Every structure is written in structure tokens, then in C-alpha cells.
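For reference, the structure discussed in these notes is given below.
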Amino acid sequence: MSQDRFTFANALVKRAGAYAHEYFTRLDTLNIESKGHQDMVSEADRDTEILVRKAIAEAFPDDSIVGEEGDPKPGTSEYTWIIDPIDGTANFVSGIPQWCVIIACVKNGEKHIGVIYDPCADELFAAEKGKGATLNGTLMKVSTSDSLSNGSIGLGFSARGRNQAVKDAVDALLDEGGIFFRNASGGLMLAYAASGRLIGYIEEHMNSWDCMAGLLLMEEAGGICQDINVADAVMNGCKVVAAAPNVYGQVKKLTDKCFI
């Protein structure tokens, strides 16, 4: 059944991405006075999650579902699906083509499936536990960089985090000769790290729907992620420290100082 779920997740995330992209293309034609962009993104978020939840509930009715927009749906199987219908809503609402749809699946408290789809670039990042990670079907690997000065670190921040933690991380990174990258979509930045575009990604606290798929992508692409309690993180979120093997030690040392 696991392969069925993986194949299903790949198809569903692309379908959801195409659906959300329809909203995105309509932003330009919207009469902002009658209905604001923020209302539109709220509607796109909600409707995309409804589409995903409905598809999962029909295909795997016994599975649990956790999503950004709706209430958790309890289930009786060993599988829990985790959904972010639009990660990068600030970009979406501003017309910036840097956002994605994220679907993860946890099995018995372990990361099992992770798919992230960027419809604007038509890029599908996908991983199944123990089977590697791919970008549009081609095997992908993390960066071989061995220095913080060789490549960029994705740095996430949200209202849940502490401003000071981000300032400290930037300072520490710059002091090490490194540079940070931020595109306002934590999911995409984790996918970029998994594909070797970034050398790592750090954020003091992420919700599970933002990070669970990306963490599996990183691990299956050969990266290292700081250990988390997956079952707890599904409901409460977690600290995210993920990097290519040759820089992970340096990245973790930096986050140990700057993050709680």
C-alpha cells in the first residue's frame, strides 16, 4: 500500500498545485476594491486544502489528516497526512511566483512520504522513505559544499519565532563568511536544500505542514536533519536544522547558539 500512497501523493500534489495556480493567475484581473487579494488567497488556501482532504478521505478513509486550514481529522490507520495547501502565501498574494503545495505522510510516527510542488516552475520534489528523492523524476542530491562560505543557507522566519534568534543567526552566519537566502516559503527552501541549490535550511520553529515533507526530502537526498520527535512535531511543530553532510556540524553549532 505504501507505493499506492506515494503514487497517489505525487498525482494529488500536482492536481492541487494546478488548482491553486488558477487562483494565482486570476490575481491580476481581480477588482481589489470589491474583493482584496488577501480574501482571494484565503479562499485559495481553503479550497485547495478541501480538494486535498477530500481526495485523501476518498482514497484512504481510515487515515488521519492534519492541515494548516482545517481541523485535524482522526483516523484508525497507522498513516497521518499533513497538508499545506499554499506555502508562501505572502508571495502568492503579492504575485511573486515562489510558493508551493506540500503534502507529507507520516507512518507510525516516522516520516514516510514527502512531496512539494511548485506550479509556477513546474517542479515536483518527491521522496519516499528509503527510496531516495527526486526532482521531476530525476534523482537529486544535497550539496557537496564543505564550508559555510561556499553556498547559501536558507533562513526561515515567521511570527512564531523570535526576532532576536534570526538576528543572531544572520550575525553568526555572516561572521563565518556565509550568506543567507530567504524566499518566504520554508517548504521551497527545504526542497532547494535537498536538491543542492542551498547548502542547508534553518528555522527556530516550523509547523509540521511546512517542514515534514522537506525534512524527508533532505534525508533521502543525503542531507542531515537535527532529530525531532515526529509524533509531537506533527501537532506542535519543531526546530528545523537541515544541511548537507559536510557543513551540518557548522550549521548545528551556529543554531545551538542562536535558537532555543
If we keep only residues of the range 184-198 that are out of contact with any Phe, Trp or Tyr (no Cβ under 6 Å at 6 or more places or on another chain) and modelled with pLDDT of 95 or more, then the residue surrounded by the most Cβ atoms within 10 Å (Cβ to Cβ) is A194
TODO: Please indicate, with yes or no, whether at least one residue in the range 156-174 is hydroxyl-bearing (S, T, Y) and assigned by TED's automatic domain parsing to the domain that holds I50.
DONE: no
How many residues of the range 202-220 are in a helix (DSSP H, G or I) and surrounded by fewer than 24 Cβ atoms within 10 Å (Cβ to Cβ)? The answer is 1
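Yes/no matrix, rows are residues, columns are (1) surrounded by fewer than 18 Cβ atoms within 10 Å (Cβ to Cβ); (2) under 13 Å from the mean Cα position of the chain (by Cα); (3) modelled with pLDDT under 95:
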{"residue": "R182", "(1), (2), (3)": "yes, no, no"}
{"residue": "G200", "(1), (2), (3)": "no, no, no"}
{"residue": "G222", "(1), (2), (3)": "yes, no, no"}
{"residue": "V240", "(1), (2), (3)": "no, yes, no"}
Filtering the range 151-174 down to residues that are of a type in the set (S, T, Y) and farther than 16 Å from L254 by Cα yields S158
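Please verify whether Q226 is touching a Leu at 6+ places or on another chain (Cβ under 7 Å) and of a type outside the set (A, V, I, L, M), treating the condition exactly as stated. Talk me through it step by step, then tell me what you get.
Numbers: touching a Leu at 6+ places or on another chain (Cβ under 7 Å): no; of a type outside the set (A, V, I, L, M): yes.
When the stated conditions are applied, Q226 does not pass them.
The values are calculated or read from the model by the stated rules, or taken from the named source; none is laboratory data. Worth saying up front: this structure is predicted, and the values here are computed from it rather than measured. Cβ: placed from backbone, ideal geometry, glycine included. Neighbour counts: every protein chain shown.
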